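J.: One structure follows; several queries about it will come next.
The values are calculated or read from the model by the stated rules, or taken from the named source; none is laboratory data. This is a predicted model, so every value here is computed, not measured. Backbone-built Cβ (ideal geometry, glycine too); neighbour counts: all protein chains shown. We work out accessible area using only protein heavy atoms, side chains counted, and drop any ligands, DNA or RNA first. Shrake-Rupley method; radii C 1.70, N 1.55, O 1.52, S 1.80 Å.
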Amino acid sequence: MKATIRALARVVKDASPQLAATSSAQRDQALHEIAEALLRAQTEIIAANRQDLEAARAAAMSSAMLDRLALDERRVTAMASAVRELIALPDPLGGLDAMWVRPNGLRVGRRRIPLGVIAIIYEARPNVTSDAAALCIKSGNGVILKGGKEAFASNRAIVAAMREGLAKAGLPESAMAFIDSTQREATQALLELDELVDVVIPRGGEGLIRFVAEHARMPVIKHYKGVCHVFVEASAQPEMVESIALNAKCQRPSVCNAMECLLVDAAWPAAELQRVVKALLARGVRIHACPKSLARLEPNDALVPAVEDDWGCEYLAMEMALKTVENLDEAMQHIQRFGSQHTDAIITERYALAERFLAEVDSSTVLVNASTRFADGGELGLGAEMGISTSKLHAFGPMGLRELTTTKFVVYGSGQVRS
């Protein structure tokens, strides 16, 4: 296993400079061909996904995970569209971030270059395969894909289509590799190859991310869990609160930017809180509420007393926590203690409090009067995203093309020597 993975990584390492040297037009043409290949292979991809879904149901996978795993014509079309959207984005390579002239006449600049070889280790969501590979191709990076066993057949079919697209565009197919194994030993072997892999990005559950962080010999950009909060400040408009809360929790509860905890200022009217909770309950949400919140609400079988573990829980389902706090300070203290530095929002009409929340909440995306569901590369204008980094080195928040590059110094001289 180790020899096989090493040989695979060596091939990608050797091919990555060829990919980095291609023109923007060549890489964009490859993305176009990949998008077309995905659509042509739609029937095969959905059939493979059906196999994965059958196995997942037999293994009693949760409804949230089944939702992440499932593909249909709409989602495959969306995958192709996400690849196409990258074509319209500026080439992240080659440009100079800055340039300055030294007293001795040397012109010094910082030029954008690829990171090199990126290993993506992920679970369940097969669309990550096309998103991650397309981002790496556009940014000139070699990529090694290691999907989870849940989506193994789906990932195989997607990679086959993408290779067809690369070949048609004349780009090196060997710059993209797929580890054709579901064994944990394959992941372990990949994580030991620090001389061949420049960075690893894990996407999945807490167990996977901890395993990668503990065993990787190369830098890790963590895409940790999303314990996302919405704080309802005392001046919040009731209609806005209801709209944002329902969207943040119910639109797609299985994703990492869904709201998991609603914090409500004690000064916000109990009648309005009751209305919002009633709307959530009507959607089928189960709410774990603190004693203060329960005392302000009418009894309901889906309203249950919260325990300590509820505050830092990523439910990924139609389930959430509810806590009444005394003020903004208590809300931010709660977020600091139980949040995951992913995404947090405040609903308020008070500018000063909104600015304090933006300045003091240490999360990768912080919003005022908007749903946490906007913490997404596409929604924020980055195009397809690699994921949402909860690490601060070297990216924080949704990772688009620029976050898959670094800079090197370039120096223009006219015969200068150092004295």
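J.: Rounded to whole Å and sorted largest first, list the principal axis extents of the Cα atoms in the range 219-262.
T.: Extents along the principal axes, in whole Å: 44, 21, 12.
J.: Beyond 27 Å, what share of the Cα-Cα pairs of the chain remains, rounded to the nearest whole percent?
T.: 55 percent
J.: What is the spin-label model distance, in nm, from ALA271 to VAL417 if the labels are put 7 Å beyond Cα along the C-beta direction?
T.: 8.7 nm
J.: Would you work out what percent of the accessible area of the chain, with all protein chains in place, is carbon or sulfur (probe 1.4 Å)?
T.: Result for the chain: 50 percent of the exposed heavy-atom area is carbon or sulfur.
J.: If you wrap the range 324-388's Cα atoms in a convex hull and average its projection over all directions, what's the area in nm²?
T.: 4.8 nm²
J.: Working out 0.36 nm times the residue gap between ARG50 and VAL368, then minus their Cα-Cα distance, what length gain in nm do you get to one decimal?
T.: 110.5 nm
J.: Relative to the present Cα-Cα distance, how much length would full extension add between GLN26 and MET240 at 0.36 nm per residue of separation?
T.: Once the chain is fully extended between GLN26 and MET240, it gains 72.4 nm.
J.: Over all Cα pairs of the range 10-136, how is the pair count split among 5 Å bins, expressed in % and running from 0 up to the last occupied bin?
T.: Taking all Cα pairs of the range 10-136, the binned fractions are 2, 9, 15, 16, 16, 13, 10, 7, 5, 3, 2, 2, 1, 0, 0 percent.
J.: If I model a spin label at GLU195 and ARG107 as a point 7 Å from the Cα along the Cα→Cβ vector, what separation in nanometres do I get?
T.: 3.9 nm
J.: How many lysine pairs in the chain, separated by 8 or more positions in sequence or lying on different chains, have Cα atoms less than 22 Å apart?
T.: 26
J.: Roughly how many Å² of LYS222 are accessible to a 1.4 Å probe, to the nearest 10?
T.: In the full protein context, LYS222 sits at about 80 Å².
J.: Another question about this same structure. Just read off the accessible area of SER62 with the full protein assembly in place, 1.4 Å probe, to the nearest 10 Å².
T.: My reading of the accessible area for SER62 is about 60 Å².
J.: By the gyration tensor of its Cα atoms, with a ≥ b ≥ c the square roots of the eigenvalues, what is the shape of the range 101-259: rounded for a/c under 1.5, prolate for a/b over b/c, or oblate?
T.: Note, shape of the range 101-259 comes out oblate.
J.: Kindly report, to the nearest 10 Å², the accessible surface of TYR224 as traced by a 1.4 Å probe over protein heavy atoms only.
T.: Roughly 50 Å² of TYR224 is accessible to a 1.4 Å probe.
J.: If you average the C-alpha positions of the range 116-143 and of the range 146-166 separately, how far apart do those two centres end up, in angstrom?
T.: 11 Å
J.: Let me ask something else about it. Calculate the length of the line joining the C-alpha centroid of the range 87-102 to that of the range 352-419, in whole Å.
T.: The range 87-102 and the range 352-419 have Cα centres spaced 16 Å from each other.
J.: Taking square-rooted eigenvalues a ≥ b ≥ c of the alpha carbon gyration tensor, is the range 114-195 rounded, prolate or oblate, where a/c under 1.5 means rounded and, failing that, a/b exceeding b/c means prolate?
T.: Note, shape of the range 114-195 comes out oblate.
J.: Let me ask you something else. What's the center-to-center distance, using Cα atoms, between the range 180-195 and the range 197-228 in Å?
T.: The range 180-195 and the range 197-228 have Cα centres spaced 14 Å from each other.
J.: I want to verify the translational diffusion coefficient of the range 280-380 in µm²/s; compute it with Stokes-Einstein, Rh as the Kirkwood radius over Cα pairs, at 37 °C and 0.692 mPa s.
T.: 220 µm²/s
J.: Still on this structure, I have one more. I'd like the FRET efficiency for SER63 and GLU360, computed as 1/(1 + (r/R0)^6) with the beta carbon distance as r and R0 of 22 Å, rounded to 0.05.
T.: 0.05
J.: Kindly list the residues of the range 65-89 that lie in the label zone of ARG252, defined by a backbone N under 18 Å from the point 7 Å along the Cα-to-C-beta vector.
T.: Residues passing the 18 Å test: 65-86.
J.: Still on this structure, please answer the following. Might you tell me the accessible area per residue for the range 1-133, computed with a 1.4 Å probe and given in Å²?
T.: 48 Å²
J.: Separate question: Where in the range 184-202 is the amide nitrogen less than 16 Å from a point lying 7 Å along the Cα-to-Cβ axis of ARG6?
T.: Answer for the range 184-202: 186-197.
J.: Give, in nm to one decimal, the length gained when the segment between GLU298 and ALA78 is fully stretched (0.36 nm per residue of separation minus the Cα-Cα distance).
T.: Gain in length upon complete extension: 75.0 nm.
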